[in-house]
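Everything below concerns the one structure shown next.
The values are calculated or read from the model by the stated rules, or taken from the named source; none is laboratory data. Since the structure is predicted, the reported quantities are computational estimates derived from the model, not experimental observations. Each accessible area value is taken on the protein alone, full model and side chains, heavy atoms only, with ligands, DNA and RNA left out. Shrake-Rupley method; radii C 1.70, N 1.55, O 1.52, S 1.80 Å.
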Amino acid sequence: MTFRNAMLPVFVMAAALAGCSREGELVIDQGVGIQSVLSSCPSVGVPDYTGDVTTFRTAGDKTVSSLDVTAAITNLRSTCDDTSDRIYTEATFDVFARRTDTSGARTVTLPYFVTVLQGGSAVVTKRVGEVTVSFADGQERAQASAKAGSFVDRSAATLPEDIRERITRKRRAGDVDAALDPMAAPEVRAAIARARFEMLIGFQLTEDQLAYNATR
């Protein structure tokens with residue numbers, strides 16, 4: 001699955017992370033001047049094709065003349081509190097909407113989902129909320145703000161100690177496994193995947209709306 005908003009990378013170069021690691025994060029030093037951090041906080045993003053929604057005045061008519069309202073999720077921001085056994089992530093975002101018929105005041109309520117994934121595919125939780133956009137008489141564009149939150153168990157987002165030891169153990173030139181990348185081991189990769197969480201936010205679309213976004 002890909003994302004419209006850049007997902008926070010699991011591993012990045014040390015130069016970008018100097019002084020940034022916190023308790024609960026895994027700092028990897030393989031003795032070659034490269035460090036990486038696996039954060040216990042979930043990455044946050046918008047899955048492809050779910051960041052926009054389009055409604056039409058006439059069912060089955062998807063021509064420009066039938067366009068009613070278009071809206072998009074933007075300005076997604078998140079904060080994470082990982083100081084307890086239940087890691088809390090909160091995201092805020094804006095919804096920009098546009099309508100074609102500007103006569104009269106109007107409110108439009110759009111459903112959105114908040115899903116927590118583990119390992120890139122396992123759905124841990126999913127909730128549906130609503131954001132309401134209000135248009136004044138004669139107004140073509142309007143915006144609204146919304147927020148969402150989720151919890152992740154620290155124990156699930158933390159690598160097992162034996163896996164951490166395999167990754168962080170210093171290797172010296174001449175060691176039998178000095179040239180082996182511990183990250184390439186299937187069991188290590190699987191453990192990292194299980195400890196990786198994502199909080200995804202997007203419009204709760206019908207199958208027809210999702211198909212429209214994917215093919216337009």
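Radius of gyration (Cα atoms) of the range 46-132, expressed as a multiple of 2.2 N^0.38 Å: 1.40.
Remark on ARG196: its backbone amide H falls under 5 Å from those of GLY119, a criterion applied only to residues 5 or more positions apart or on other chains, H modelled at 1.01 Å from N. Relative contact order of the range 102-153, taken over Cα pairs closer than 8 Å and 6 or more residues apart, is 39 percent.
Entry comment: accessible area of the range 50-153 is 53 Å² per residue, from protein heavy atoms only and a probe of 1.4 Å.
Alpha-carbon geometry of the range 57-216: the Rg and the Dmax are 22.8, 77 Å, given in that order.
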